[in-house]
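Participant: Just passing along the structure, written as structure tokens.
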Amino acid sequence: MRVTCPIHEGARRHPDAEALRFEGRAWTYGALDAEVARWTAALESRGLGQGDRVALLSTSHPAVAFLFWALGRVGAVFAPLNARLTGAELRPLLDAITPRLTLALEPLRDRLPGAQSLESLAEHASGASKSLQAWEEDLPRVILFTSGTTGRPKGAVLTEAAFRASCRASSANLGAHPAPRWLGTLPLFHVGGLAMLTRTAYEGGCLLLHERFDAEAVNRAIDTEGASHASFVATTLERVLDARADRSLPDTFRCALIGGGPVPTALLTRARAAGLRALQTYGLTEACSQVTTERPDEADGRTAGPPLPGLEVRIVGTDGVPLDVGQEGDVEVRGPTLMAGYWNQPAATHEALHDGWLRTRDVGVLDARGRLTLLSRRTDLIVRGGENLYPAEIEAVLANHPAIAESAVVGVPEPHWGEVPVAFVVLRPGHALPGDLDVWCRQSLARFKVPSRFVVLETLPRNAMSKVERTVLRRQAMSQRMYQAGS
């Protein structure tokens, strides 16, 4: 199927509607369309065309949006690189995609020798391009590298069709909105950030783009810029509520999607008291962001919700056979949002995709209402004395302790049991490590699930995509003397 650029369509239908806002400056659809046309001319002057890859190293910036839509108009593929990576980490990614053009935001150019300046790309463009060719929905649109917590990063190939299907599915779940105004606090090198960028364009809304997360700026956008939707994790949600001192949110704010792991019950209660509807969600890059999300009228914070309309989720055993409701196993996803595959990695693609299903390598369980509870990555599973332990289940219990800001649980070898869980915890300000954490855990967990010990850290180690580096924690746990308190 062929489609046209949604920015041009927006300029034709509602040219004066706001499409993008950044640091006090706003672009209407008409103005954004003209800017994209100028950037398209700049790309054409460099000979960029169908299938060419363009690598970009940048934080969130309006120029990223201009480039993204201009690349669509010439048929080139957008390959954003994580702005937190070092030069040594970036080099193999560039080698993998062999870009025709490499760009970087000026302050980051030293990490990519030879990269051209993003900000100056369109400075000398001769006029605006008249190119408005239709886009083939099934051709590669974006290559997004996975976080690499379980090995070498892989480039997930996402199509225009996948982004549009993701938008339709999310909109069907959240309900119609005449012009959503999404808070763009997730980086545009992340699938969540690109989901907001594309979603607002398809729906005639506005992206309120922030270079980085700042709780005060988020609250200003909510209170004065009409933000209607946002995506948070538990820690950023808490910072937003703290910064506004739990003041009620205006009626213009519709809901926030909460990802990244368990959310403390007390935090959800705070959010509801402030009029903030928080919907837990589960997604991944290979499925173009969201897979499951709580229904707005059924949200209770106990699960990540059912599959979005048009998507399917099933739980299978290690033999690939589908399991019944309530049985724990591997999560698989099917639907129009799935990636086309991994860039130039046929073996990895074959391993991940089979018969239309995506093997996520996550472990979970579905309840009788089709709602997903995510338990762990398959590689994070802890097997103690033949019993499966899931870090997310233990972390959810720790998250509700008033002294614990966040935690991560890993398994380490132990001669008698095979593996035992060790919990790394970050304390809230003013708190010492509670002496009753094992007692607290036993109120909600079977004895064999209680961590053998609790280790205090100032912060959890995270990779460039902000995911906890459990391999680092395992090494640290194994280098320390084991003892049996709480086991």
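The values are calculated or read from the model by the stated rules, or taken from the named source; none is laboratory data. Please read all numbers here as calculations on a predicted model, not as lab measurements. All Cβ positions, glycine included, derive from the backbone under ideal geometry; neighbour counts span all protein chains shown.
Participant: Here is a check on your reading of the model: is THR293 modelled with pLDDT under 95, within 30 Å of ILE222 (Cβ to Cβ), hydroxyl-bearing (Ser, Thr, Tyr) and in contact with a helix residue (DSSP H, G or I) (Cβ under 8 Å, 6 or more places away or on another chain)?
Facilitator: no
Participant: Now, a different point. Taking PRO92 as the residue in question, decide whether it is of a type outside the set (Asp, Glu), surrounded by fewer than 18 Cβ atoms within 10 Å (Cβ to Cβ) and in a helix (DSSP H, G or I).
Facilitator: yes
Participant: Next question, about the same structure. PRO346 is checked against (1) buried (at least 16 other Cβ atoms within 10 Å of the Cβ); (2) farther than 19 Å from TYR282 by Cβ; (3) free of Cβ contacts under 8 Å to residues at least 40 places away in the same chain; (4) not assigned by TED's automatic domain parsing to the domain that holds VAL425 and fails just one. What number does that condition carry?
Facilitator: (1)
Participant: Take ASP242 and tell me if it is in the same structural domain as ALA304 (by TED's automatic domain parsing), not in a loop (DSSP other than H, G, I, E, B) and not hydroxyl-bearing (Ser, Thr, Tyr).
Facilitator: yes
Participant: Out of the residues in region 44-89 that are hydroxyl-bearing (Ser, Thr, Tyr) and surrounded by fewer than 20 Cβ atoms within 10 Å (Cβ to Cβ), which is nearest to TYR29 (Cα to Cα)?
Facilitator: THR59
Participant: Next question, about the same structure. Those residues that are surrounded by 23 or more Cβ atoms within 10 Å (Cβ to Cβ) and either free of Cβ contacts under 8 Å to residues at least 40 places away in the same chain or of a type in the set (Asp, Glu) (or both), I need them from region 408-444; list them, please.
Facilitator: Listed by number, the residues that qualify are PRO421, ALA423, VAL425.
Participant: Output the residues belonging to region 245-280 that are charged (D, E, K, R) and assigned to a loop (DSSP other than H, G, I, E, B).
Facilitator: Narrowing region 245-280 to residues charged (D, E, K, R): 246-247, 251, 254, 270, 272, 277.
Passing the criteria: ASP246, ARG247, ASP251, ARG254, ARG277.
Participant: Among the residues of region 223-236, are any touching a residue at least 40 places away in the same chain (Cβ under 8 Å) and on the phi > 0 side of the Ramachandran plot?
Facilitator: yes
Participant: Could you say which residue among LEU398, LEU338, LEU358 is outside the structural domain of THR303 (by TED's automatic domain parsing) and either at pLDDT 90 or above or part of a loop (DSSP other than H, G, I, E, B) (or both)?
Facilitator: LEU398
Rundown of residues vs (1) surrounded by fewer than 18 Cβ atoms within 10 Å (Cβ to Cβ); (2) assigned to a loop (DSSP other than H, G, I, E, B); (3) under 18 Å from the mean Cα position of the chain (by Cα); (4) free of Cβ contacts under 8 Å to residues at least 40 places away in the same chain, yes/no style:
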| position | (1), (2), (3), (4) |
| --- | --- |
| TYR282 | no, no, yes, no |
| THR292 | no, no, yes, no |
| ASP300 | yes, yes, no, yes |
| ARG314 | yes, no, no, no |
